[in-house]
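The values are calculated or read from the model by the stated rules, or taken from the named source; none is laboratory data. This is a predicted model, so every value here is computed, not measured. Counting neighbours? That spans all protein chains shown, and the Cβs are built from the backbone with ideal geometry, glycine included. Surface accessibility is based on the protein's heavy atoms, side chains included, excluding ligands, DNA and RNA. Shrake-Rupley method; radii C 1.70, N 1.55, O 1.52, S 1.80 Å.
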Amino acid sequence: MQAVIMAGGFGTRLRPITCNIPKPMAPMANEPMLCHIINLLKNHSFKDLTMLLYYQPEVIQNYFKDGKGFGVNVKYLRPEGDLGTAGSVKFAQKTLTDTFLVISGDVLTDFDLTQALEFHKRKKAIATMVLTRVPNPLQFGVVITDKHGKIERFLEKPSWGEVFSDSINTGIYILEPKVLDYIPANKDFDFSKELFPLLLKEKKPLYGYIADGYWKDIGSHDEYRLAHYDILDGVVKVEVKGKKMKLGGSELIVGENPDIGKDAFIDSNVILGDNVVIGKGAKISRSVIGSNTVIGDGAEIYGSILWNHIKIGAEARLKENVIGNFTEIGDRSVIQVGTIIADECSVGKDALIKTNLRIWPSKVIADGAILASSLVWGERWDKVLFNSTGITGLANVEITPEFAAKLGAAYGAFIGEGNYIITARDTSRVSRMIKRALISGILSAGVKIGDLSDAPIPVVRYEIGNEGERGGVHVRQSPLDSKMIDIKFFNNKGRDISLKDEKNIEQLFFREDFRRADISKVGVLTVPPRALDAYRAGYLQSVNKDFIAKLNQRVIIDYAHSSASMIFPSILGELGIDALSLNAFVTSSVRVPKSSEEFQNSRIVLSDFVTKVEAAVGFLIDSGAEKLFLVDERGKILRDDLAMFVVLYMILKTNKKANAKIAVPVYASDVVDLLAKKFKVEVKRTGTSPRSIMDAAAEENVIFVGDSQGGFIFPQFQASFDAMFAIGKVLEMLSELKTSISEIEKQIPQLAVLHKAIACPADKKGQAMRNANEHAQGQKSELIDGVKIRLSNGEGWVLLVPDAADSFFHIWAEAKKPSQAKHILDAYSKKVKQWQE
């Protein structure tokens, strides 16, 4: 007999456990659902099978091959597009020569298909729908038949007011080949919505057979779990792989090579796969444990479905969960009721995963983390919200309005009722949405807000503290990835909040124990009246206007559609600067953050303009108005580190301050030291994070800070990155020195610094750092941030720093020539890989 198995579904409703496999391949009692369908068909003499595939077809084909290993013959077909249920079967018309059955590959049933076939033939039907009775038919197609079984009426997914029967369509059909003539070829066509109404209209012999037995549509995570319970309880008759084994007073089903520890308790409603290891004192009840799974000592598992190659830590507790392949649950972690964890996830020790969450594949949850929200597309979720740039996540996926409102409430509780903060954003629509949600949460804690709407980050930093503000928040699309959102928090001096403050906010957020204000004390939203004026006035007082006025040369500024274009042109006007502006308008329809290719193209365009109008210099401001990139008067695009050296040279040349210091991160070139030595100025090396770099700017006698990546800080104005002020200082110094950018370039020593990021899992970073430290023993080294090793014979240096947030290890290498730096970089890249082993 012939049968068609519909096995092309995406399994959307079962995600995230079906992210990596087609839904019919999801395990059911340690065998793919599709295996149970094939066994059912084979037991009723349907052995000539055609599988209709679409999503990840190779997974199914590689498992079942030609079907002979399962006692059937299998052919595979894959329609080019979505043809609907009937249209897909039409696609298989050439293979269907006799009465055939259609069944879905993702249901669980033990219907007597032989009786259904006999009914079909006895009624001489052209099509027979196999029906069953259910208590709640709302999610199914309701069917009513006459006393002979002939279908009189049916309705897909009715409301309660439309329920006229508890007999539903199971999606199992017995059909004659001629019924396919009613289905148009290569067209989306549905059995229930189109074919059967057509047959009913034309009075064709359409029948419904009400089957006895078990049937369940595995359409949700709860149904998936409940179907397993029905197998364990013997409610449904399916073949379960394994043999019966007595353990104490229990009789369970086990696969090959079980290893069960002393005093382990396993009740009778348990199925174990092959090579399962159960630790001492573990307790397992009403659960299915997949092959090659290890359960730690004292772990407790109740009502859970564990797939294959899983590790459950000692004393971990799981209740009514589904856990995907190759996932690890740390010691003493608790996974609460209804939570689903997909493949290849890592849950650290002592973590708490709350009820009914969905953890998508390959997520990392740190030791001791408390997870209260589902983790969808993000790379990781742990007890840490902050990274080196604030809080960063996928816009409207990880950082949603709901997340932002909760974060705002936690931040508001940290600031304290009755206090005052500043908020602002960039020009994008998504930043506006997230900022408004943040504001609602902050106001709920009784905090007063001065909202600057869309404003550059330097303006926000400068305003904080002028009117008693306790802090501030800025929301922007990440300049590195337009799909990401950055939320930056500032202290009462406009600098990034401290690590301690970050931890306090994180604790409030994750514990959710922050209090809300009484309704009479909810915060007030205002508009700071003098913020832009204060920045403008402070700026003009901090530059030498006389020198700038004498420049008498045109400059070009690309604003990159940033909000700097709303304030900086007026400052330039007061300084008398002849500036040609590019991209100096703000609109939410322009995607401000640029890809690396778009960014490079912007620099090329800027270079062309500089040469065409014979400008003295070209400036490109980033979207946050924090970073600045230079083009010299010849149109040469300056490397970021070279731009810093040029600005540093002018700073040192014009400096009149005794005991002056400059600060640069530990990865910056020794060119800095060579220049500083020439001018007898002290160099301070900082850590690699923006906070470390900006903190150095607040130290006594520091006159300049640069990060070699477009960031310039002039502490005389404010101790933070400010592209607009950097432009003013560059023009002031060019005028004072009566020189050009290209002339200064000639004064810069030549050394080569290269950088590379090596993949390094989070759990290997400590091991790699330990090995790096051991390797550095006996060599001249520095431990400011990571491990910096001065190579022998003055050959250069190498810096090894684990990434603070992502699974990378950063390597910087410097030498006199690029080829030498590359040799060092390659050698230490190999070492870092070896140190992880």
**Message:** In whole Hz and in residue order, list the ³J(HN,Hα) couplings for the range 241-248 that follow from phi through the Karplus curve 6.51 cos²θ - 1.76 cosθ + 1.60, θ = phi - 60°; x for Gly and Pro.
**Reply:** 6, x, 10, 6, 9, 8, 9, x
**Asked** Using 15 Å as the cut-off for backbone N distance, which residues of the range 689-731 belong to the label zone defined by a point 7 Å from the Cα of Gln747 along Cα→Cβ?
**Response** 730-731
**Request:** At 20 °C and 1.002 mPa s, grab the translational diffusion coefficient of the range 679-736 from Stokes-Einstein with a Kirkwood Rh over Cα pairs, rounded to a whole number in µm² per second.
**Result:** 179
**Protection proxy ranking, peptides 441-450, 530-539, 11-20, average beta carbon neighbours within 10 Å, highest first** = 441-450, 11-20, 530-539
**Prompt:** Which shape class applies to the chain: rounded if a/c is under 1.5, otherwise prolate when a/b exceeds b/c and oblate if not, where a ≥ b ≥ c are the square roots of the Cα gyration tensor eigenvalues?
**Reply:** prolate
**Item:** Simple label model, 7 Å out from Cα along Cβ direction - Ser581 to Arg13, nm
**Value:** 5.6
**Message:** Please compare each pair in Lys244/Lys349; Lys47/Lys150; Lys311/Lys483 to a cut-off of 32 Å on the Cα-Cα distance and tell me which ones are over it.
**Reply:** Lys244/Lys349; Lys311/Lys483
**Asked** If you put +1 on each Lys and Arg Cβ and -1 on each Asp and Glu Cβ, how big is the dipole of the chain around its Cα centre, in Debye rounded to 20?
**Response** 420
**Message:** Suppose a student asked you for the relative contact order of the chain, using Cα pairs under 8 Å spaced at least 6 residues apart; what percent would you report?
**Reply:** 6
**Long-range amide H partners of Asp451 with built H, under 5 Å** = Thr423, Thr526, Val527
**Request:** Please sort 347-357, 101-111 by packing, taking for each peptide the average over its residues of neighbouring beta carbons within 10 angstrom, highest first.
**Result:** 101-111, 347-357
**Request:** Sort out for me the Cα centre separation of the range 485-535 from the range 406-457, rounded to whole Å.
**Result:** 7
**Prompt:** Among all the aspartates and glutamates, which ones have a C-alpha under 14 Å from Lys550's C-alpha, if same-chain residues fewer than 8 places away are not counted?
**Reply:** Glu574, Asp578, Glu732, Glu736
**Request:** Mind checking which lysines have their Cα closer than 28 Å to the Cα of Lys147? Skip sequence neighbours fewer than 8 apart in that chain.
**Result:** Lys121, Lys123, Lys124, Lys157, Lys178, Lys193, Lys201, Lys203, Lys204, Lys216
**Message:** Give the separation of the Cα centroids, the range 673-713 to the range 823-837, in Å.
**Reply:** 29
**Message:** Just to make sure I understand: if all protein chains stay in place, what is the order of Arg554, Arg317, Arg286 by accessible area at 1.4 Å, largest first?
**Reply:** Arg317, Arg554, Arg286
**Request:** First compute the accessible area of the range 165-295 with a 1.4 Å probe, then give the percent of it belonging to carbon and sulfur atoms.
**Result:** 46
**Asked** Gain in length, Glu614 to Asp233, computed as 0.36 nm per residue apart minus the alpha-carbon separation, to one decimal in nm?
**Response** 128.7 nm
**Item:** Tilt relative to the chain, helix 499-511 - C-alpha long axis, 0 to 90 degrees, to 10
**Value:** 20
**Message:** Students often check this: by mean Cβ neighbours within 10 Å, which of 34-43, 654-663, 212-221 ranks highest, and how do the rest follow?
**Reply:** 34-43, 212-221, 654-663
**Prompt:** Suppose R0 equals 35 Å; then what is the FRET efficiency for His775 and Ser362 from their Cβ-Cβ distance, rounded to the nearest 0.05?
**Reply:** 0.70
**Asked** Dipole magnitude of the range 60-142 about its Cα centre, charges +1 at Lys/Arg Cβ and -1 at Asp/Glu Cβ only, in debye to the nearest 20?
**Response** 300
**Asked** If you plug each phi of the range 419-436 into the Karplus form 6.51 cos²θ - 1.76 cosθ + 1.60 with θ = phi - 60°, what whole-Hz ³J(HN,Hα) values come out, in order, with x for Gly and Pro?
**Response** 8, 10, 9, 10, 10, 6, 7, 8, 8, 6, 5, 5, 5, 4, 4, 5, 5, 4
**Request:** Could you check the simple spin-label distance between Met245 and Leu674, using points 7 Å along Cα→Cβ, in nm with one decimal?
**Result:** 7.0
**Request:** Note the full-extension length gain between Ala757 and Ser520 as 0.36 nm times their separation in residues minus their Cα-Cα distance, in nm to one decimal.
**Result:** 80.0 nm
**Message:** When a/c reaches 1.5 or more, the comparison of a/b and b/c decides; with that in mind, is the range 1-115 rounded, prolate or oblate per its Cα gyration tensor?
**Reply:** oblate
**Fill in**
Expressed as a percent, the accessible surface of the range 496-616 that is carbon or sulfur, using a 1.4 Å probe and the full set of protein chains, is 50
**Prompt:** Going toward the positive end of the dipole of the chain, with +1 on Lys and Arg Cβ and -1 on Asp and Glu Cβ, which of Gly296, Gln93, Ile744 do you reach last?
**Reply:** Ile744
**Item:** Residue-normalised accessible area of the chain, expressed per residue, 1.4 Å probe, Å²
**Value:** 42
**Prompt:** How big is D, in µm² s⁻¹, for the range 592-650 by Stokes-Einstein at 4 °C and 1.567 mPa s if Rh is the Kirkwood radius over C-alpha pairs?
**Reply:** 109
**Asked** Which distance in nm do the two modelled labels at Lys684 and His148 give, with both placed 7 Å along the Cα-to-Cβ direction?
**Response** 9.7
**Asked** Based on the Cβ-Cβ distance from Asn466 to Arg432, what FRET efficiency comes out when R0 is 25 Å, to the nearest 0.05?
**Response** 0.55
**Item:** Percent accessible area from carbon and sulfur atoms, the range 16-133, protein chains only, probe 1.4 Å
**Value:** 47
**Asked** What does a probe at Phe265 reach in the range 297-311, counting residues whose amide N is under 20 Å from the point 7 Å along Cα→Cβ?
**Response** 297-305
**Linear extension gain, Asp640 paired with Asn552, 0.36 nm per residue minus alpha-carbon span** = 29.1 nm
